[in-house]
Amino acid sequence: MTWVETTSPHFAARHDEADAHDVVGVLELLEGTRARLAADFPSVPDTVDVIVHSSRAQLDLAAPYLPLVRRLTAPAARRYLVGWFGRSEIHVLAPRLLAASASHVPGSRELNLLAPAALYAHVVIGASNPRLPPPFTPRAFRRYPRWAWLAAGGAQWLSGQTEHARPAIARRLHEGTKPSFPPGIRDAQLLGGTVLDLLAREEGDEACLELLLSPLPRDPRGVLREAFGRRSLKHTEAAWRGHLRRLSGSS
(Lines give C-alpha, C1' and ligand atoms only; values in the text may rest on other atoms or scores of the structure.)
Protein backbone atom coordinates (compact mmCIF):
# COMPACT_ATOMS: atom_id res chain seq x y z
CA MET A 1 0.00 0.00 0.00
CA THR A 2 1.25 3.47 -0.95
CA TRP A 3 0.27 6.24 1.49
CA VAL A 4 -0.30 9.70 0.05
CA GLU A 5 -1.72 12.93 1.47
CA THR A 6 -4.57 15.07 0.22
CA THR A 7 -5.34 18.38 1.91
CA SER A 8 -8.11 20.97 2.10
CA PRO A 9 -8.16 24.27 4.04
CA HIS A 10 -8.86 22.61 7.42
CA PHE A 11 -8.12 18.90 6.92
CA ALA A 12 -5.17 16.74 5.93
CA ALA A 13 -6.01 13.21 4.81
CA ARG A 14 -3.57 10.30 4.67
CA HIS A 15 -4.80 7.43 2.53
CA ASP A 16 -4.03 4.73 0.01
CA GLU A 17 -3.19 6.15 -3.40
CA ALA A 18 -6.06 4.11 -4.85
CA ASP A 19 -8.55 6.13 -2.79
CA ALA A 20 -7.34 9.57 -3.87
CA HIS A 21 -10.43 10.46 -5.92
CA ASP A 22 -12.90 9.37 -3.21
CA VAL A 23 -10.97 11.18 -0.48
CA VAL A 24 -11.55 14.50 -2.26
CA GLY A 25 -15.28 13.93 -1.70
CA VAL A 26 -14.65 13.12 1.98
CA LEU A 27 -12.79 16.39 2.46
CA GLU A 28 -15.57 18.33 0.74
CA LEU A 29 -18.07 16.71 3.13
CA LEU A 30 -15.89 17.60 6.11
CA GLU A 31 -15.35 21.21 5.03
CA GLY A 32 -19.11 21.65 4.64
CA THR A 33 -19.74 20.09 8.04
CA ARG A 34 -17.11 22.33 9.63
CA ALA A 35 -18.69 25.46 8.14
CA ARG A 36 -22.09 24.51 9.59
CA LEU A 37 -20.80 23.61 13.05
CA ALA A 38 -18.58 26.67 13.33
CA ALA A 39 -21.71 28.81 13.41
CA ASP A 40 -23.03 27.07 16.54
CA PHE A 41 -20.10 25.73 18.55
CA PRO A 42 -17.60 27.86 20.47
CA SER A 43 -14.57 25.68 19.77
CA VAL A 44 -13.86 24.27 16.32
CA PRO A 45 -10.34 22.87 15.68
CA ASP A 46 -8.32 24.75 13.08
CA THR A 47 -6.94 21.58 11.52
CA VAL A 48 -7.87 17.91 11.81
CA ASP A 49 -6.00 14.90 10.44
CA VAL A 50 -8.08 12.31 8.60
CA ILE A 51 -6.63 8.81 8.38
CA VAL A 52 -8.48 6.80 5.76
CA HIS A 53 -8.00 3.06 6.28
CA SER A 54 -8.13 0.36 3.65
CA SER A 55 -9.28 -2.46 5.96
CA ARG A 56 -11.18 -2.95 9.21
CA ALA A 57 -8.15 -4.67 10.74
CA GLN A 58 -6.04 -1.62 10.02
CA LEU A 59 -8.71 0.66 11.50
CA ASP A 60 -9.07 -1.44 14.66
CA LEU A 61 -5.32 -1.48 15.19
CA ALA A 62 -5.16 2.32 14.94
CA ALA A 63 -8.25 2.84 17.15
CA PRO A 64 -8.08 0.26 19.98
CA TYR A 65 -11.23 1.52 21.74
CA LEU A 66 -13.34 0.82 18.65
CA PRO A 67 -13.36 -3.02 18.87
CA LEU A 68 -14.41 -2.74 22.51
CA VAL A 69 -17.30 -0.40 21.72
CA ARG A 70 -18.30 -2.65 18.80
CA ARG A 71 -18.55 -5.66 21.11
CA LEU A 72 -20.73 -3.68 23.53
CA THR A 73 -23.04 -2.44 20.76
CA ALA A 74 -26.26 -4.11 19.60
CA PRO A 75 -25.87 -6.15 16.38
CA ALA A 76 -28.18 -3.83 14.43
CA ALA A 77 -25.66 -0.98 14.76
CA ARG A 78 -22.30 -2.73 14.51
CA ARG A 79 -21.92 -2.36 10.75
CA TYR A 80 -22.08 1.43 11.23
CA LEU A 81 -19.10 1.58 13.61
CA VAL A 82 -16.71 2.40 10.80
CA GLY A 83 -14.40 4.93 12.42
CA TRP A 84 -13.07 6.55 15.58
CA PHE A 85 -11.96 9.99 16.69
CA GLY A 86 -9.41 11.79 18.83
CA ARG A 87 -8.91 15.40 19.83
CA SER A 88 -7.50 16.43 16.45
CA GLU A 89 -7.89 13.40 14.21
CA ILE A 90 -10.44 10.99 12.87
CA HIS A 91 -9.94 7.45 11.61
CA VAL A 92 -12.40 6.09 9.07
CA LEU A 93 -12.69 3.36 6.46
CA ALA A 94 -12.16 4.33 2.84
CA PRO A 95 -15.40 5.31 1.03
CA ARG A 96 -15.32 2.17 -1.12
CA LEU A 97 -15.34 0.08 2.07
CA LEU A 98 -18.03 2.23 3.67
CA ALA A 99 -20.29 1.52 0.70
CA ALA A 100 -19.40 -2.17 0.60
CA SER A 101 -20.08 -2.71 4.32
CA ALA A 102 -23.58 -1.23 4.14
CA SER A 103 -26.60 -3.50 3.89
CA HIS A 104 -29.08 -3.42 1.01
CA VAL A 105 -31.85 -1.69 2.99
CA PRO A 106 -32.61 1.97 2.22
CA GLY A 107 -30.49 4.40 4.22
CA SER A 108 -27.69 1.99 5.15
CA ARG A 109 -25.27 3.26 2.51
CA GLU A 110 -26.04 6.88 3.42
CA LEU A 111 -25.44 6.17 7.10
CA ASN A 112 -21.97 4.83 6.39
CA LEU A 113 -21.00 7.50 3.86
CA LEU A 114 -21.93 10.21 6.38
CA ALA A 115 -19.63 8.61 8.98
CA PRO A 116 -16.76 11.09 8.40
CA ALA A 117 -19.13 13.99 9.15
CA ALA A 118 -20.37 12.27 12.32
CA LEU A 119 -16.82 11.54 13.48
CA TYR A 120 -15.87 15.16 12.95
CA ALA A 121 -18.97 16.25 14.87
CA HIS A 122 -17.68 14.14 17.78
CA VAL A 123 -14.43 16.11 17.67
CA VAL A 124 -16.26 19.44 17.73
CA ILE A 125 -18.60 18.35 20.54
CA GLY A 126 -15.63 17.24 22.65
CA ALA A 127 -13.74 20.46 21.95
CA SER A 128 -16.75 22.53 23.05
CA ASN A 129 -17.85 20.47 26.07
CA PRO A 130 -15.00 19.20 28.28
CA ARG A 131 -17.29 16.60 29.87
CA LEU A 132 -17.68 14.77 26.57
CA PRO A 133 -14.90 12.98 24.67
CA PRO A 134 -12.47 13.31 23.06
CA PRO A 135 -9.89 12.96 24.45
CA PHE A 136 -10.37 9.34 25.54
CA THR A 137 -8.45 8.91 28.77
CA PRO A 138 -9.14 5.86 30.95
CA ARG A 139 -11.19 8.11 33.26
CA ALA A 140 -13.16 9.56 30.35
CA PHE A 141 -13.84 6.09 28.98
CA ARG A 142 -15.22 4.97 32.35
CA ARG A 143 -17.62 7.93 32.20
CA TYR A 144 -18.46 7.38 28.52
CA PRO A 145 -21.17 4.68 28.95
CA ARG A 146 -23.31 7.12 30.95
CA TRP A 147 -23.14 9.81 28.27
CA ALA A 148 -22.54 7.86 25.06
CA TRP A 149 -26.15 8.48 24.00
CA LEU A 150 -25.52 12.24 24.06
CA ALA A 151 -22.08 12.21 22.42
CA ALA A 152 -22.99 9.69 19.71
CA GLY A 153 -26.52 11.05 19.38
CA GLY A 154 -25.28 14.59 18.94
CA ALA A 155 -22.85 13.47 16.25
CA GLN A 156 -25.61 11.57 14.43
CA TRP A 157 -28.03 14.47 14.60
CA LEU A 158 -25.48 17.08 13.52
CA SER A 159 -24.23 14.98 10.59
CA GLY A 160 -27.68 14.10 9.25
CA GLN A 161 -27.31 10.38 9.92
CA THR A 162 -30.45 10.04 12.04
CA GLU A 163 -32.88 10.43 9.14
CA HIS A 164 -31.26 7.46 7.38
CA ALA A 165 -31.36 5.13 10.40
CA ARG A 166 -35.02 4.02 10.11
CA PRO A 167 -34.41 0.45 8.85
CA ALA A 168 -31.64 -0.13 11.40
CA ILE A 169 -33.93 1.17 14.16
CA ALA A 170 -36.68 -1.19 13.00
CA ARG A 171 -34.26 -4.12 13.17
CA ARG A 172 -33.10 -3.13 16.67
CA LEU A 173 -36.68 -2.94 17.99
CA HIS A 174 -37.26 -6.51 16.82
CA GLU A 175 -34.03 -7.87 18.30
CA GLY A 176 -33.10 -8.33 21.93
CA THR A 177 -34.50 -6.60 24.98
CA LYS A 178 -36.30 -3.26 25.03
CA PRO A 179 -33.79 -0.37 24.87
CA SER A 180 -33.35 1.71 28.00
CA PHE A 181 -34.03 5.43 28.21
CA PRO A 182 -31.78 7.23 27.74
CA PRO A 183 -30.10 4.59 25.56
CA GLY A 184 -27.28 2.72 27.24
CA ILE A 185 -23.93 1.87 25.70
CA ARG A 186 -25.52 -1.02 23.77
CA ASP A 187 -27.83 1.34 21.86
CA ALA A 188 -26.13 4.73 22.02
CA GLN A 189 -24.52 4.45 18.59
CA LEU A 190 -27.86 3.85 16.85
CA LEU A 191 -30.58 5.32 19.08
CA GLY A 192 -28.78 8.28 20.64
CA GLY A 193 -29.63 10.44 17.65
CA THR A 194 -33.34 9.75 18.09
CA VAL A 195 -33.30 11.51 21.48
CA LEU A 196 -31.85 14.65 19.87
CA ASP A 197 -34.25 14.31 16.94
CA LEU A 198 -37.23 14.20 19.32
CA LEU A 199 -35.88 17.17 21.27
CA ALA A 200 -35.46 19.19 18.06
CA ARG A 201 -39.03 18.40 17.03
CA GLU A 202 -40.48 19.38 20.40
CA GLU A 203 -38.21 22.18 21.61
CA GLY A 204 -36.24 23.27 18.52
CA ASP A 205 -32.66 22.97 17.34
CA GLU A 206 -31.44 25.48 19.93
CA ALA A 207 -32.49 23.11 22.71
CA CYS A 208 -30.28 20.39 21.18
CA LEU A 209 -27.30 22.71 20.97
CA GLU A 210 -27.84 23.85 24.55
CA LEU A 211 -27.97 20.23 25.70
CA LEU A 212 -24.73 19.38 23.90
CA LEU A 213 -22.95 22.36 25.46
CA SER A 214 -24.37 22.14 28.98
CA PRO A 215 -22.39 21.07 32.09
CA LEU A 216 -23.16 17.42 32.75
CA PRO A 217 -24.01 16.16 36.24
CA ARG A 218 -23.70 12.54 37.29
CA ASP A 219 -27.31 11.67 36.42
CA PRO A 220 -28.48 12.09 32.80
CA ARG A 221 -32.11 12.07 33.89
CA GLY A 222 -31.87 15.56 35.35
CA VAL A 223 -30.42 16.91 32.10
CA LEU A 224 -33.24 15.33 30.12
CA ARG A 225 -35.90 16.78 32.42
CA GLU A 226 -34.49 20.27 31.89
CA ALA A 227 -34.07 19.83 28.15
CA PHE A 228 -37.68 18.70 27.65
CA GLY A 229 -39.26 21.63 29.45
CA ARG A 230 -38.94 20.10 32.96
CA ARG A 231 -41.67 17.56 32.28
CA SER A 232 -41.53 14.15 33.92
CA LEU A 233 -39.00 11.66 32.61
CA LYS A 234 -41.80 9.08 32.36
CA HIS A 235 -43.66 11.33 29.92
CA THR A 236 -40.53 11.97 27.85
CA GLU A 237 -39.67 8.28 27.74
CA ALA A 238 -43.16 7.47 26.45
CA ALA A 239 -42.81 10.17 23.78
CA TRP A 240 -39.41 8.76 22.79
CA ARG A 241 -40.69 5.20 22.46
CA GLY A 242 -43.52 6.49 20.30
CA HIS A 243 -40.96 8.35 18.21
CA LEU A 244 -38.98 5.13 17.74
CA ARG A 245 -42.10 3.35 16.56
CA ARG A 246 -42.82 6.09 14.05
CA LEU A 247 -39.27 6.07 12.75
CA SER A 248 -39.30 2.30 12.40
CA GLY A 249 -42.69 2.31 10.66
CA SER A 250 -44.26 0.11 13.32
CA SER A 251 -46.91 2.59 14.54
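Compute the accessible area per residue over the chain, keeping the other protein chains in place, probe 1.4 Å, unit Å².
45
For segment 25-173, state the average projected area of the convex hull of the C-alpha atoms over all orientations, rounded to one decimal in nm².
8.3
Express in % the proportion of alpha carbon pairs of segment 140-251 at distances exceeding 26 Å.
When every Cα pair of segment 140-251 is considered, 11 percent fall beyond 26 Å.
Please compute the contact order of the chain in relative form: average sequence separation of alpha-carbon pairs under 8 Å and at least six residues apart, divided by the residue count, as a percent.
Reported as a whole number, the value is 16 percent.
Report the net charge of residues surrounding PHE181, where surrounding means a beta-carbon distance below 11 angstrom and charges are Lys +1, Arg +1, Asp -1, Glu -1.
+2
Reported to two decimal places, what Rg/Rh ratio describes the chain when computed on Cα atoms with Rh from the Kirkwood expression?
That ratio is 0.95, to two decimals.
Kindly state, as a whole number, the per residue volume in cubic angstrom of the convex hull around the alpha carbon atoms of segment 48-106.
In segment 48-106, the Cα hull volume divided by residue count equals 91 Å³.
With unit charges on the beta carbons (Lys and Arg positive, Asp and Glu negative) and the dipole taken about the Cα centre of the chain, which residue among SER108, LEU199, THR177 sits farthest to the positive side?
Selected residue: THR177.
With charges set only on the Cβ (+1 for Lys and Arg, -1 for Asp and Glu), what does the dipole of the chain come to about its Cα centre, in debye to the nearest 20?
1480
Which net charge results when you count Lys and Arg as +1 and Asp and Glu as -1 among the other residues whose beta-carbon is under 13 Å from that of LEU191?
Neighbour charge sum, excluding LEU191 itself: +3.
Looking at segment 86-157, what % of the alpha carbon pairs are farther apart than 21 Å?
32
Can you tell which of THR137, THR236, THR73 shows the greatest fluctuation in a Gaussian network model of the chain with Cα springs below 10 Å?
THR137
What trypsin sites (Lys or Arg not before Pro) does segment 63-96 have in DSSP loop regions with at most 13 other beta carbons within 10 Å?
Answer by residue number: ARG87.
Once the Cβ-Cβ distance between SER55 and GLU163 is put in as r, and R0 is 41 Å, what FRET efficiency do you end up with, to the nearest 0.05?
0.90
How far is it, in nm, from the label point at ARG96 to the one at HIS21 when both lie 7 Å from their Cα along the line to the Cβ?
Roughly 1.0 nm, to one decimal.
Could you look at segment 1-129 and say what percent of its accessible area is carbon and sulfur, using a 1.4 Å probe and all protein chains?
The C+S portion of the solvent-accessible surface of segment 1-129 is 55 percent.
The values are calculated or read from the model by the stated rules, or taken from the named source; none is laboratory data. A quick note: this is a predicted structure, and the numbers were derived from the prediction, not measured. Note that we place each Cβ from the backbone using ideal geometry, even for glycine, and neighbour counts take in every protein chain shown. Just so you know, the surface numbers come from the protein's heavy atoms only, side chains and all, with ligands and any DNA or RNA stripped out. Shrake-Rupley method; radii C 1.70, N 1.55, O 1.52, S 1.80 Å.
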